[in-house]
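For reference, the structure discussed in these notes is given below.
Bear in mind that the values in this text are calculations on the coordinates, not laboratory data. This is a predicted model, so every value here is computed, not measured. When we count neighbours, we look across all protein chains shown, and the Cβ atoms used for this are built from the backbone with ideal geometry, even at glycine.
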Amino acid sequence: MIQLKGIAAASGISIGSAYMLGKEEFVVLREAINWTDIPVQIQLFEEALIQTRREIIELQKRISSDMGQAEAQIFDAHLLVLEDRMLIEEVISRLKKEQLNVAYIFSEVLKKYIGVFLKIEDEYLKERAADINDVGKRILRNLLGTKKKGLDDVGGRAIIVAHDISPSDTVAMHTKNIAAFVTDIGGKTSHTAIMAKSLEIPAVVGLEGVTSKVNPGDILIVDGSMGIVIIDPDEETLRSYQAKLEKLKGIADKFLTVKDLSAVTTDGRTILINANIEFPDEVPSAKLHGGQGIGLYRTEFFYMNRKDSPSEEEHYQAYKYVAEEMNPYSVVIRTLDIGGDKFLSQFKIPYEMQPFLGWRAIRFCLARPDIFKLQLRAILRASVHGNLKLMYPMISGVEELRQANQLLGEAKAELRQSGLKFNDKIKVGVMVEVPSAAMTADILAKEADFFSIGTNDLIQYSLAVDRSNEKVAYLYDPAHPAVLRLIKNIIDAAHQAKIKVAMCGEMAGEPSLALILLGLGLDEFSLPPQVIPELKYVIRAVGFKATQELAVQAMKLSTGKEVEEFAQNRLAQILK
Ligand code: PEP
Ligand code: MG
């Protein structure tokens with residue numbers, strides 16, 4: 001039994017068997033061959049080399065057009081391995097001498113080569129070992145006729161173990177019956193972690209080296225609340241986690257008793273609790289968990305895992321469905337937010353050194369009015385089918401808001417010209433997630449209908465902590481005094497201008513911190529559906545006045561840790 005500690009990314013406990021994603025398991029059997037088979041075996045080897053060359057060139061082409069020439073050049077080293085005469089001749093001469101199947105001979109030669117390179121005290125040559133390993137695996141795969149394992153092969157209630165999982169992989173998981181996932185890298189609010197919540201499965205990320213410690217089929221316990229993964233648990237540990245699962249279910253049932261009630265404090269302040277969704281098919285879960293609207297619909301997932309872009313009609317149908325299903329509750333559609341850790345292959349975004357600071361979200365949309373206006377027209381058209389609002393991500397100052405609204409005006413004019421109906425008075429909000437927007441919230445509030453605080457990014461940008469990097473995850477702190485001050489500034493500015501302020505970042509779903517947010521005057525919370533009942537329960541158990549006092553105290557503390565402890569203590573008293 002081995003216990004590993006990583007970053008808790010999505011809560012819950014799952015027990016299941018490991019499925020190694022993207023990792024090949026070759027079973028290379030040692031088989032004697034007849035000397036008459038030697039030419040056939042040599043031919044097999046040559047065909048595998050040709051096929052591998054073809055694959056690498058294809059990959060190189062794709063990477064060159066998607067990411068740039070420099071990245072594609074990495075594969076030149078791989079092509080060189082394929083032309084290494086020494087390696088090829090050694091395989092053929094041993095094949096003739098030992099009269100064993102070519103796959104086995106090749107795997108033996110490969111091991112020897114890698115071993116030699118790994119022993120050399122030279123970083124450059126050490127890296128060559130990785131190249132040889134990579135190409136060697138490809139050749140072996142072609143020799144054995146096996147496929148690299150992808151999500152398509154997953155069966156049963158598997159626990160996915162991978163070095164990394166991209167947001168688009170998680171989209172593919174949507175249709176799979178996956179029990180949990182664990183990764184070597186990643187941070188708490190990376191979009192991969194957020195998707196785990198949308199899939200309603202536990203996830204632990206940033207578990208350095210988990211892929212080298214787990215073997216396919218190992219029994220794993222994933223505790224997504226504590227960030228713990230146990231490999232090969234003993235009987236007693238298994239029993240204790242099964243008991244924990246039961247207990248968690250009991251607690252969840254207690255929270256579920258209030259899911260359909262409103263979140264009203266003991267002294268009468270009513271708070272709106274909305275759900276965050278990534279796909280229209282999450283609407284039933286949002287309603288089931290007591291969501292009183294959709295506070296954040298992340299539309300970019302619609303563009304993932306497809307070669308083309310969704311048409312205006314496809315956008316329209318998706319938004320219409322969500323608007324109708326949630327009516328009369330409101331639905332806030334967030335316009336396309338790509339870049340950062342969300343990569344859409346159809347848009348050919350060039351490689352960037354700092355993608356989170358680069359061509360992302362509204363910056364991309366303002367530069368590509370064709371893509372942006374197509375989405376805006378679809379949202380506007382769907383607005384007649386329910387209570388739709390829209391909001392722009394990553395606004396850094398009022399000029400961007402004005403530019404976006406200018407394009408919205410153009411989209412409206414185009415619809416008018418085509419005689420299509422829309423709600424001309426659709427509410428337009430600003431996501432406040434860049435420190436410059438938080439600091440100029442008073443200016444923005446004069447031109448926005450509402451605010452929604454995106455703490456996932458606001459924390460990353462204000463504390464200079466990459467939200468998807470496990471190495472700096474210890475600095476990613478929602479309770480940091482700097483974050484609390486920015487939030488207070490945003491709420492005060494919004495209220496001064498008499499507009500409502502919501503929060504849709506993951507922080508809104510942390511009950512202890514929610515007490516402080518409540519006290520600071522936040523009007524609405526938007527969170528992953530499964531956390532809604534717990535938040536409603538907490539809000540219904542506390543007085544608004546008490547949270548105001550609590551917020552005043554919290555704002556006086558010096559560190560995030562102090563704030564966190566303080567809020568946790570209060571929460572424990574409330575839930576007693
Ligand atoms: C945020 O940044 O807090 C947010 C809600 O948006 P996303 O997580 O999609 O960047
Ligand atoms: Mg964001």
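For the pair E235 and E414, what calculated FRET efficiency results from E = 1/(1 + (r/R0)^6), where r is the Cβ-Cβ distance and R0 = 56 Å, to the nearest 0.05? Spell out each step's value before the answer.
Details: r = 66 Å, r/R0 = 1.19.
According to the calculation, E is roughly 0.25.
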Alpha-carbon centroids, region 30-63 and region 431-501: separation in whole Å: 55 Å
Least to most buried among F106, F255, F544 (fewest other Cβ within 10 Å first): F544, F255, F106
Sum of side-chain charges, A479 neighbourhood, beta-carbon under 15 Å (Lys, Arg +1; Asp, Glu -1): 0
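Could you state the orientation-averaged shadow area of the convex hull built on the Cα atoms of region 475-539, in nm² to one decimal?
Working: hull surface 17.6 nm².
Its average projected convex-hull area is 4.4 nm².
For D449 and A572, compute 0.36 nm times the residue count separating them, minus their Cα-Cα distance, and round to one decimal in nm. All intermediate terms of the calculation are to be shown ahead of the outcome.
Working: separation 123, 0.36 × 123 = 44.28 nm, distance 3.64 nm.
Additional length available on full extension: 40.6 nm.
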Protection proxy ranking of 336-348, 406-418 - average other beta-carbon atoms within 10 Å, highest first: 336-348, 406-418
Too-long pairs where the Cα-Cα distance tops 26 Å, listed order kept, from K197/K536; K137/K307; K254/K389; K373/K421; K61/K307: K137/K307; K254/K389
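Can you work out the FRET efficiency for the pair I2 and Q496, with r the C-beta to C-beta distance and R0 = 41 Å, to the nearest 0.05?
Values: r = 55 Å, r/R0 = 1.33.
FRET efficiency, I2 to Q496: 0.15.
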Gap separating the Cα centres of region 192-221 and region 250-304, nearest whole Å: 25 Å
DSSP-defined beta bridges in the chain - what % are antiparallel, rounded to 5: 35 percent
Rounded to 10°, Cα long-axis angle of helix 369-382 versus longest principal axis of the chain: 50 degrees
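Around A193, what is the net charge, scoring Lys/Arg as +1 and Asp/Glu as -1 over all other residues with Cβ under 12 Å from its Cβ?
Working: positive: K188, K197, R467; negative: D164, D341, E470, E506.
Charge balance near A193 sits at -1.
Length gain on complete extension for the stretch D260 to D370, per 0.36 nm per residue less the alpha carbon to alpha carbon distance? Present the calculation step by step, with values, prior to reporting the outcome.
Values: separation 110, 0.36 × 110 = 39.60 nm, distance 4.16 nm.
Stretched fully, the D260-D370 segment lengthens by 35.4 nm.
Please give the per residue volume of the convex hull enclosing the alpha carbon atoms of region 251-574, rounded to a whole number of Å³.
Values: hull volume 42.7 nm³, N = 324.
Hull volume normalised by residue count: 132 Å³.
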0 to 90° range, to nearest 10: angle between helix 481-496 axis and the chain longest Cα axis: 40 degrees
Shape category assigned to region 453-576 from the gyration tensor of Cα positions, a/c cut at 1.5: rounded
Given charges at beta-carbon only (K, R positive; D, E negative), |dipole| of region 35-144 in Debye: 300 debye
Three-way shape call for region 35-144 based on the alpha-carbon gyration tensor, with the a/c threshold at 1.5: oblate
Order of C504, C365 - criterion: other Cβ atoms within 10 Å of each residue's Cβ, fewest first: C365, C504
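Rounded, prolate or oblate: pick one for the chain, where a ≥ b ≥ c are the square roots of the eigenvalues of its C-alpha gyration tensor, a/c under 1.5 means rounded, and failing that, prolate if a/b is larger than b/c, else oblate. Walk me through the intermediate numbers first.
Working: a/c = 2.27, a/b = 1.64, b/c = 1.38.
Prolate, since a/c reaches 1.5 and a/b exceeds b/c.
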Inter-site label distance for S436 and L79 at 7 Å from Cα along Cβ, in nm: 4.2 nm
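Report the extension gain between T175 and Q354 in nm, rounded to one decimal, defined as 0.36 nm multiplied by the number of residues separating them, less their alpha carbon distance. Can you show the working numbers first?
Numbers: separation 179, 0.36 × 179 = 64.44 nm, distance 3.20 nm.
Roughly 61.2 nm would be gained on extension.
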Inter-probe distance in nm under a simple model that places probes 7 Å from Cα toward Cβ, at K244 and W35: 6.4 nm
Sorted by Cβ neighbour density within 10 Å, fewest at the top, the residues I443, I273: I443, I273
